[in-house]
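Comments concern the structure below.
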Amino acid sequence: MDAYDDEDVREEPRAGAGIASLSLPYQVVAAVALAVIGVFACAHLAMVFLHVAPSNTLTKQHGEAVDGWVYPEFEQNWKLFAPNPLQQNVAVQVRAEVAGDDGGRRTTGWIDLSAQDAEAIRGSLLPSHVDQNELRRAWDFYLNSHTDDHRPNGLRGRLSESYMRRIVMLRLGEQDLGGTVERIQLRSSARAIPAPVWSTEKIDTEPVYREVPWWTVSTADLPGRARDDRTEADR
């Protein structure tokens, strides 16, 4: 059996695992990055917990900060788990009274804004949160702050109207309607979800409409560039 001197014995370096295998500068960078991620994760979980928790001292003192963190990206919608989950498809539609360049006026047909959002989402791997929730949440905001005859039931009523008008005018500004939009009218179309094919339940799937009175468009309802153009034209 051959003998080997200690100098001839070379131990193969073992491949390290995790951060320990990195050089010192990279270890520091990795440790800092993991610490930042950990702090962010803990802060996010705390904010979501406070958002869904019953009212308490912290939420009363820091409610605006919590809502600012959660909305709109991390919104929690519990209607799916309610005793009576949503059983209707609700679409928001608009029609407009347009003043043409020739001085004539005409009323467009109903434009389905919800269908446009659905088309933007369909097939997208990373759908926009705006397309998913902006219009729906704004319409819920309007309904919850108005009576059945469309009268504001509180201070937030006027705010919800202004919010809806701006969203609608932003959408209409992306379309060529052949003139200047002078007035708009909104309505919702609620259609019951049909029963599954194996069910014998009979469900009326005819749409039920709820119309909002006509609104006159002002410069405050227009997006920036359109607002400037309208102001210049009114001078």
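What accessible area, in Å² to the nearest ten, does a 1.4 Å probe give for residue 111? Approximately 30 Å² for this residue. Net charge dipole, segment 164-214: roughly 220 debye, given to the nearest 20, about the Cα centre with Cβ charges of +1 for Lys and Arg and -1 for Asp and Glu. Between residue 183 and residue 33, the modelled label-to-label distance comes to 6.0 nm, taking each label 7 Å out from Cα in the direction of the beta carbon. Of the GluC sites (Glu not before Pro) found in segment 124-219, those that fall in a DSSP loop while having at most 11 other beta-carbon atoms within 10 Å are 174, 201.
Among the trypsin sites (Lys or Arg not before Pro) within segment 148-207, those in coil by DSSP and having at most 15 neighbouring Cβ atoms inside 10 Å are 202. Once both labels are positioned 7 Å from their Cα atoms along Cα-to-Cβ, the gap between residue 46 and residue 191 label points is 4.7 nm. Subtracting the Cα-Cα distance of residue 200 and residue 147 from their residue separation scaled by 0.36 nm leaves 15.4 nm. Largest accessible area first, the residues 95, 122 order themselves as 122, 95 under a 1.4 Å probe with ligands, DNA and RNA left out. As a calculated quantity, the FRET efficiency between residue 60 and residue 126 at R0 = 41 Å, using C-beta atoms, amounts to about 0.70. Determine the shape class of segment 115-214: with a ≥ b ≥ c the square roots of the Cα gyration tensor eigenvalues, call it rounded for a/c under 1.5, and otherwise prolate if a/b is greater than b/c, oblate otherwise. Oblate shape, in that a/c is at least 1.5 and b/c is the bigger or equal ratio.
The values are calculated or read from the model by the stated rules, or taken from the named source; none is laboratory data. The structure presented is a predicted model; accordingly, all values stated were derived computationally and were not measured. In this analysis, Cβ positions are derived from the backbone assuming ideal geometry, glycine residues included, and neighbour counts consider all displayed protein chains. In case anyone asks, the SASA skips ligands and DNA or RNA and just uses the protein heavy atoms, side chains included. Shrake-Rupley method; radii C 1.70, N 1.55, O 1.52, S 1.80 Å.
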